Amino acid sequence: MTWRLILQDKGAMLLLFGAGLVYSLFYPYPYSYEQVESVPTLVVDQDDSYSSRTLTRLLKAAPNLNVIQTDNDPNLIAKRLWQGDIMAMVIIPRNFNNDLIAGRVPTVQLASHGGYLLAGSKALASATQATLTMGAVISLQKIQSMGVPGQAAIDSLQPLSLNSRSLFNTNDGYGHSIVPAVMVVIIQQTLLIGVTLLLGRLSERKQLPVGPSAYFGMLLVFFTIALINTLYFFVIATRMQAYSQIANTSTLLAFSTVFCLCISAFALLLSQAFKTRERGLQMLLITSVPMLFMSGYSWPAESLPDLLYYLRWLLPTTSGIHGFVSINQLGASITEVAQEFLMLALLTLLFIAMGLALFSQQRQSP
């Protein structure tokens, strides 16, 4: 009966099956170009000396900077900034060369566009690398001038060798970091809104099924839909987007089962709060972003108010995000996500008990 109602309701069909497909194709698209390769940068050379020109050449050779112009005209600089033609600016101060000769440390200033954090951080890293390279060359020349051999002078500048590698997110991309977590929110929210849309329509018509058998029948149907969407996202969609996927199949399936059962019971419980068809859509649509922030994934959980810090565990997305990301992107085993697994199991029992009570109470009501 539940399947027939779903197939007859185009809105519910779209949310329960179509929305996940659309989100999986279009939501990751803005993050497909994850690497910042060319930040438009203006170099302001106030010294115009051999040393400042050397630093400018190093900045032009930096991998993530695109030095489009070197200028000293304050009016032109302000105009380019306001027009958005440049996203970073490096200022080489006056007396830059004289300070280097005198052994003083000059200050090179960097300004970046605060509206684009990734571009600003890349510009800062590249400009820092260029200035450190020039500083290392100057220090090496000073050490060699004191009679220290070439290799010994280099070793004295770099007593430790650093080999830095990014694990699990080798491209250091924003999409690899945030999209897998958002997938969990999408799975839950499309199910919640679809269920409240479907059952809200039945409530309006006084046709809502009641009783334990009807409850468990609907729970099984919505669990099946949630499981299909979850496996699609974390098996097919992640591969289409070339995201890291090193999950053990049995671990992923076990965690998906308890998560889908939990959000299905959660959806049936929430459906009792919305007695009209559109009310669930209106109320639940705005909760997606707060759920993501409260999960402690994109925002430090320690920065949340104490009450929200504990209440966030009542949302399946909190355990779901940490569990799925750990399993699918980090290769965690089921024992390593035992806390999230047990929390989802406890929430499932709680939601089922409350949902059964409400459905039975509704049957007894006149």
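Derivation of every value follows stated rules applied to the coordinates shown; laboratory data play no part. Keep in mind the model is a prediction, meaning the values are calculated, not measured. Don't worry about glycine lacking a Cβ; one is built from the backbone with ideal geometry, like all the others, and counts go over all protein chains shown.
The alpha carbon convex hull volume per residue for the chain rounds to 186 Å³. Using the Cβ-Cβ distance between residue 129 and residue 333 with R0 set to 35 Å, the FRET efficiency works out to roughly 0.35. Comparing 294, 218, 283 in a Gaussian network model of the chain where C-alpha atoms under 10 Å apart are linked, the largest mean-square fluctuation is found at 283.
Averaging sequence separations of C-alpha pairs under 8 Å and six or more residues apart, then dividing by the length of the chain, give the relative contact order as a whole percent. All intermediate terms of the calculation are to be shown ahead of the outcome.
On the way: 463 pairs, mean separation 67.5, N = 366.
Dividing the mean separation by the residue count of the chain yields 18 percent.
Among bridges DSSP assigns within the chain, what percent are antiparallel (round to 5)?
On the way: 4 of 14 bridges.
Antiparallel bridges make up about 30 percent of those DSSP assigns within the chain.
Applying a DSSP loop filter and a limit of 16 other Cβ atoms within 10 Å to the GluC sites (Glu not before Pro) in the stretch 299-346 leaves 336. Start at zero, step by 5 Å, and the Cα-Cα distances of the stretch 191-244 spread as 4, 17, 18, 19, 13, 10, 8, 6, 4, 1 percent across the bins. The value obtained for the stretch 1-135, namely the Cα convex hull volume divided by the number of residues, is 127 Å³ per residue.
222 nm [θ] for the chain, helices only, -39500 (n - 2.57) per DSSP H run of 4+, per residue, to 500?
Numbers: 16 runs with 214 residues, N = 366.
Mean residue ellipticity, 222 nm, calculated: -18500 deg cm²/dmol.
Ignoring the sites themselves, the chain has its longest run without trypsin sites (Lys or Arg not before Pro) in a DSSP loop having at most 15 other Cβ atoms within 10 Å at 1-93.
Rounded to the nearest 10 degrees, the angle from helix 174-204 to the longest Cα principal axis of the chain is 20 degrees.
What translational D, rounded to a whole number of µm²/s, comes out for the stretch 230-332 from Stokes-Einstein when the hydrodynamic radius is the Kirkwood one over Cα pairs, at 25 °C and 0.890 mPa s?
Numbers: Rh = 15.3 Å.
Estimated diffusion coefficient is 161 µm²/s.
Given their separation in residues at 0.36 nm each and the Cα-Cα distance between them, residue 94 and residue 250 gain 49.7 nm when the chain is fully extended. Whole-Hz Karplus values for the stretch 273-285 come out as 8, 10, 9, 10, 5, 8, 5, x, 4, 5, 7, 8, 5 Hz, taken residue by residue from phi with 6.51 cos²θ - 1.76 cosθ + 1.60 and θ = phi - 60°; glycine and proline positions read x. Taking Cα atoms only, the orientation of helix 249-271 departs from the longest principal axis of the chain by about 60 degrees.
Work through the residues other than residue 204 whose Cβ is under 15 Å from its Cβ and net out their charges, Lys, Arg +1 and Asp, Glu -1.
On the way: positive: 201, 205, 206, 275, 277, 279; negative: 9, 278.
It works out to a net charge of +4.
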